[in-house]
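Before I ask anything, here is the structure I am working with.
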Amino acid sequence: MLLVDLLNMHHEAEDKIGPGVEAFAIAPPQRGPYPGFEVIRTDGSRIDFSYQTCLKPPTYRQQVLNVMRDEVKTTINTYFESRKAAGSLISDQSGTPLESTNTAVSYFRGPSFVDIAEEFAEMVGGWEAIELTPSTEPGLGRFKDRDLAERWFSHHQERAVLGLLSTRENQRRPRR
């Protein structure tokens, strides 16, 4: 139960939990000499998580990024569902057929999500200019100014170039 509570405190909890948590395992160290933890999800997939990240609260920028992701998740879900309905669950990188449980919607062909978000933050006066509603859970607030939220949604729509990758391809792509 302690690991579940820690995982819920992670700034990427939704992504780490995915379809649900089946169990935890000790994972080999990714950096340094100490092992970490791995979430074994209900669909059989696995993903690492750092309990240290869970204990260090996200910065305001990270909180705003989390809210921005939440504000556009319908776009991401709609894109995935439209590709699924069209029978085109195929990796845009490798051409490999994908299973719906092994698919990630990715920004790999255009500007990254963070690049799009940083452009928007700069346009509106910086991260601190984006006020969030209070939340009892870190990073799960909303834009206080709903007009600003609509501007963000439109900016994202104009700039996002979405594609499908396998979960593994998405995890292996370079990040900044």
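If you go through region 125-148, how many residues are in contact with a strand residue (DSSP E or B) (Cβ under 9 Å, 6 or more places away or on another chain), modelled with pLDDT of 90 or more and crowded, with 17+ Cβ neighbours inside 10 Å?
3
Scanning for something polar (S, T, N, Q), modelled with pLDDT of 90 or more and farther than 22 Å from residue 2 by Cα, does region 29-50 turn up at least one residue?
no
Also, quick follow-up: Output the residues belonging to region 103-114 that are farther than 13 Å from residue 61 by Cα and either open to solvent by less than 80 Å² (accessible area, probe 1.4 Å) or modelled with pLDDT of 90 or more (or both).
103, 104, 105, 106, 107, 108, 110, 111, 112, 113
Hey, another quick one. What number of residues in region 74-106 are more than 21 Å from residue 43 (Cα to Cα) and within 14 Å of the chain's Cα centre (by Cα)?
The number of residues fulfilling the criteria is 2.
Given the criteria touching a residue at least 12 places away in the same chain (Cβ under 8 Å), within 16 Å of the chain's Cα centre (by Cα) and assigned to a strand (DSSP E or B), does residue 114 qualify?
In short, no.
What's the number of the condition residue 63 fails, among (1) of a type in the set (S, T, N, Q); (2) touching a strand residue (DSSP E or B) at 6+ places or on another chain (Cβ under 8 Å); (3) over 30 Å from residue 151 (Cα atoms)?
(3)
Checking residue 122 against (1) among the charged types (D, E, K, R); (2) surrounded by 12 or more Cβ atoms within 10 Å (Cβ to Cβ); (3) over 29 Å from residue 41 (Cα atoms): exactly one of these is not met. Which one?
Going through (1) among the charged types (D, E, K, R); (2) surrounded by 12 or more Cβ atoms within 10 Å (Cβ to Cβ); (3) over 29 Å from residue 41 (Cα atoms) one by one, residue 122 breaks only (2).
The values are calculated or read from the model by the stated rules, or taken from the named source; none is laboratory data. Values in this document were obtained by computation on a predicted structure and should not be read as measured data. Here Cβ is always computed from backbone atoms with ideal geometry, including for glycine, and neighbour counts include all displayed protein chains. Surface accessibility is based on the protein's heavy atoms, side chains included, excluding ligands, DNA and RNA. Shrake-Rupley method; radii C 1.70, N 1.55, O 1.52, S 1.80 Å.
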